[in-house]
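In what follows, a single structure is set out as structure tokens and then discussed.
Values quoted throughout were computed directly from the atomic coordinates according to the rules given, and no laboratory measurement underlies them. Only a predicted model underlies this, so the values are computations on that prediction, with no experimental measurement involved. So basically every Cβ, Gly included, is an ideal-geometry build from the backbone, and we count neighbours across all protein chains shown.
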Amino acid sequence: MSRIVYVNGAYVPEEEANVSVFDRGFLFADGVYEVTSVLDGRLVDFDGHAARLARSLGELEMESPASRDELLEIHREIVSRNQVKDGLVYLQVTRGAAADRDFAYPDPEEVSPTIVVFTQSKPGLADAPQSKVGIKVISVPDLRWKRRDIKTVQLLYPSMGKMLAKKDGCDDAWMIEDGLVTEGTSNNAYIVKDGVIVTRNLSNDILHGITRAAVLRFAKEAQMQVQERPFTIEEAQAADEAFITSASTFVMPVVEIDGLELGGGKPGPVATRLREIYLDESRKNTV
Ligand code: PMP
């Protein structure tokens, strides 16, 4: 069955879902995106994603093509039309298609943004087999631009990082800048030592993960100790356990860093518990 995709106000079969070759998302990566997970047909942390989208658009002086309520309506409609039980909603907004290729932004009065929303069905997303065994990561230099707090579609370097990890028989890469871990290719990075959860503090150096915010809140509510500060890869390798968070993986244990096993190569108790808490609490607040 072909998916139904939302493009600029219309719900169309994916074969008919097109954007212009002059779209600035295509020519300049001049666009931002959000990924919201779906559990039991409902949206996880929708308001967090809508707020971050508004912030990303604002930082790039881009008009929002839809209000929070309109976006929610589109998300619900696309989930329902595609009968997604568990999976993801991908939303992308670009600055639109100007008449010519020009580095300067077009006049927003003349060129309206492009909005595309589609779903990816992932049956059993919350029970991903990887969450039982954990993932392996390598470290790579962080060669991205300096505004990682904006969720842009320029994802080539994270793709390269992912490929380097795959070539090494691993699952993901943690990126290092000035000797310190920034984040994973598409997730925030954490270590746990003597019961203390450590993750890099918020700044322009990392994406402000929506899952990160929720997980840290739940950890504090469960009386766990949290430190928001940078850490080195050596500190990570000497940690008791490690994990990542993102909308699509929730809380995912990390069991190996640059070839060195953590916690005997098995998911640690803190990551396992946080995953349970995150899924339980998130399910209560889906929309
Ligand atoms: N960092 C980066 C670089 C990411 O791409 C993502 C996921 N898009 C995250 C962190 C996690 O963010 P979230 O929890 O909002 O999915």
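Calculate the radius of gyration of the Cα atoms of the range 108-215 to one decimal place, then report Dmax, the largest Cα-Cα distance, as a whole number, both in Å.
When restricted to the Cα atoms of the range 108-215, Rg and Dmax are 16.2, 57 Å.
Average projected area of the Cα convex hull of the range 64-153, in nm²?
Approximately 9.5 nm², given one-decimal rounding.
With bins 10 Å wide starting at 0, give me the P(r) of the range 1-50 over every alpha carbon pair, in whole percents.
Per 10 Å bin, starting at zero, the Cα-Cα P(r) for the range 1-50 comes out as 21, 35, 39, 6 percent.
Could you work out the relative contact order of the chain? I mean the mean sequence separation of Cα pairs under 8 Å and 6+ apart, divided by the number of residues, in percent. Each step should come with its number before you reach the end.
Details: 576 pairs, mean separation 53.5, N = 287.
Relative contact order here is 19 percent.
For the range 11-161, what is the largest minus smallest coordinate of the Cα atoms on each principal axis, given in angstrom and ordered from greatest to least?
Projected onto the principal axes, the Cα atoms of the range 11-161 cover 49, 41, 30 Å.
Expressed as a rounded percentage, what relative contact order does the range 25-93 have, with Cα pairs under 8 Å and six or more residues apart?
Contact order relative to length: 52 percent.
Can you give me the three principal axis dimensions of the range 57-105 from its C-alpha atoms, in Å, biggest first?
42, 20, 16 Å, listed from the longest principal axis down.
Which residues' amide hydrogens lie under 5 Å from the amide hydrogen of ILE176, considering only partners 5 or more residues apart or on another chain, with H built in the peptide plane?
Hits under the 5 Å cutoff: VAL140, ASP142, THR182.
Write down the Å³ per residue value for the convex hull defined by the alpha carbon atoms of the range 231-287.
Hull volume normalised by residue count: 85 Å³.
Please compute the Kirkwood hydrodynamic radius of the range 130-284 from all pairs of different C-alpha atoms, in Å with one decimal. Spell out each step's value before the answer.
Details: mean 1/r = 0.0655 Å⁻¹.
Evaluated on the range 130-284, it is 15.3 Å.
Determine the sum of side-chain charges near GLN120: Lys and Arg each +1, Asp and Glu each -1, restricted to other residues whose C-beta is under 15 angstrom from that of GLN120.
So the surrounding residues net to +1.
Suppose we take every Cα in the range 87-126 and form the convex hull; what volume per residue is that in Å³?
83
Quote to one decimal, in nm, the extra length available between GLU73 and ASN285 on full extension: 0.36 nm per residue of separation minus the C-alpha distance between them.
74.6 nm
Across the Cα atoms of the chain, what radius of gyration and what greatest pairwise Cα-Cα distance (Dmax) are found, in Å?
19.3, 59
Using square roots of five times the C-alpha gyration tensor eigenvalues, list the equivalent-ellipsoid semi-axes of the range 134-174 in whole Å, biggest first.
21, 9, 9
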